1. Might you check whether a residue that is buried (at least 24 other Cβ atoms within 10 Å of the Cβ), in a loop (DSSP other than H, G, I, E, B) and of a type in the set (Gly, Ala, Ser) occurs anywhere in the stretch 81-104?
2. Does ASP298 count as over 16 Å from ASP9 (Cβ atoms) and in the same structural domain as CYS24 (by TED's automatic domain parsing)?
3. Mind checking whether some residue in the stretch 178-189 is under 20 Å from the mean Cα position of the chain (by Cα), among the small types (Gly, Ala, Ser) and either surrounded by 16 or more Cβ atoms within 10 Å (Cβ to Cβ) or in the same structural domain as GLN220 (by TED's automatic domain parsing) (or both)?
4. Taking the stretch 25-40, which residues are in contact with a helix residue (DSSP H, G or I) (Cβ under 7 Å, 6 or more places away or on another chain) and either more than 15 Å from LYS358 (Cβ to Cβ) or part of a strand (DSSP E or B) (or both)?
5. For the stretch 244-259, give me each residue that is within 17 Å of the chain's Cα centre (by Cα) and either within 18 Å of VAL321 (Cβ to Cβ) or hydrophobic (A, V, I, L, M, F, W, C) (or both).
6. For the stretch 21-36, does any single residue satisfy the condition of being buried (at least 22 other Cβ atoms within 10 Å of the Cβ), under 26 Å from HIS125 (Cβ atoms) and touching a Lys or Arg at 6+ places or on another chain (Cβ under 9 Å)?
7. Pairs only if they're at least six apart or on different chains, beta carbon under 9 angstrom, first in the stretch 335-364 and β-branched (Val, Ile, Thr) and crowded, with 16+ Cβ neighbours inside 10 Å, second modelled with pLDDT of 95 or more and part of a loop (DSSP other than H, G, I, E, B); list them, first residue then second.
8. VAL88 passes all but one of (1) farther than 28 Å from ILE172 by Cβ; (2) touching a helix residue (DSSP H, G or I) at 6+ places or on another chain (Cβ under 9 Å); (3) at pLDDT below 95; which number fails?
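The values are calculated or read from the model by the stated rules, or taken from the named source; none is laboratory data. What you see is a predicted model; the values in this text were computed from it and never measured. Please note: Cβ atoms are built from the backbone with ideal geometry, for glycine as well, and neighbour counts cover all protein chains shown.
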Amino acid sequence: MKKIIIASDSFKGSLSSAEVAVSCEKGIRKVFPKCEIIKLPIADGGEGTIEALVSATNGRIHSCHVHDPLMRLIEARYGVLGDGETAVIEMAAASGLTLIEPHLRNPMKTTTYGTGELIQDALEHGCRKFLIGIGGSATNDAGTGMLQALGMKFRDIAGNLLGYGGEILQKIEMIDSNDFPEDKLAKCTFTIACDVNNPFSGPQGAAFIFASQKGADAKQIRILDTGLKHFAQLIAQTLYKDIDAIPGAGAAGGMGGGFMAFFNARLSRGIDTVLDVLHFNEKLQGADLVITGEGKMDAQTIMGKAPMGVLKAAQRKNIPVIGIAGCVDETELLNNAGFLAVYPIVEGPVSQEQAMEKSRTCSNIERTVHQCMRMLSLLHN
């Protein structure tokens, strides 16, 4: 083995993707001490994306005060990549469902204002390229709160200024962009990590598919869907952009559509977006093997999660891929998908709590990869 790529997602609740890579490297070095090893911490555009990309590019983490979905002041983080101009923002950090107590969740009221504040802070720090993950949201406001934080105003038929949340959508009759920094944003690029294909409104749209898990009842879902359809029509009339039926426009309560309409954003699958940022295809050149993984590998893995994105990229260059995970299910399905082999790392019967202990997970990964390399060494001798 002359070159091995390690590109694993985190083992959630146990190790970051960077820590997984370090343990894999130790296992490899015991058998192939002179092998070139490239460690690429990855994520699928959701939780852990900031840490993975900041680590991989020698970037930095920024913190700032923003408003949560109920307009309460909180501290949130975003990443700036090593190029100094690319911001990595997770919508969930400012507008996420986990930020709100269950009994207060209500997408009629919740707003994406805090996500707009994160974008504003990144703009002020010189960022002009944006990679934004929009999973885990608490909102169904089509990004209106984000736009309000950046200076846009929404008015009703009488010209009155509207407040925040999904409930304003059906009342919007005027979009006031006088204080919106259109010129500055026109010089920026926005790539949105999005893994759903739902349209903006309708039976498969943002409200009907996702609003109930954010706290909406049946009546509120109908109101929210009516609001989304109305807002889409207003956008078509004023911006000449028809976003209503575009796949992904309904992601994150219509946030996908908001980004496409007002930022000319490009939607991309989360893992594909991350791999592009890392120049993964270039890194694969000359590799003999790729090791990937996540906490659990099963049928969900092949539905577009991080290891599957790694596998597809490696397959295009005919490079074999091995998977490791804390738990493996549907092994045959994973093999048929293209993984050369998949290995569960847990040794012996232990409790889930014990299996997820950090030190134990590190040693289990190192041991599993070491054993795998011993087998591969026979084939390379």
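1. Among the residues of the stretch 81-104, not one is buried (at least 24 other Cβ atoms within 10 Å of the Cβ), in a loop (DSSP other than H, G, I, E, B) and of a type in the set (Gly, Ala, Ser), which makes the answer no.
2. no
3. The answer is no, given that none of the residues of the stretch 178-189 is under 20 Å from the mean Cα position of the chain (by Cα), among the small types (Gly, Ala, Ser) and either surrounded by 16 or more Cβ atoms within 10 Å (Cβ to Cβ) or in the same structural domain as GLN220 (by TED's automatic domain parsing) (or both).
4. GLY27, ILE28, LYS30, VAL31, PHE32, CYS35, ILE37, ILE38, LYS39, LEU40
5. Passing the criteria: ALA249, ALA251, ALA252, MET255, PHE259.
6. For the stretch 21-36, residues buried (at least 22 other Cβ atoms within 10 Å of the Cβ), under 26 Å from HIS125 (Cβ atoms) and touching a Lys or Arg at 6+ places or on another chain (Cβ under 9 Å): absent.
7. Once the first residue is β-branched (Val, Ile, Thr) and crowded, with 16+ Cβ neighbours inside 10 Å and sits in the stretch 335-364, its partners that are modelled with pLDDT of 95 or more and part of a loop (DSSP other than H, G, I, E, B) give THR361/ILE345.
8. Of the numbered conditions (1) farther than 28 Å from ILE172 by Cβ; (2) touching a helix residue (DSSP H, G or I) at 6+ places or on another chain (Cβ under 9 Å); (3) at pLDDT below 95, the odd one out for VAL88 is (3).
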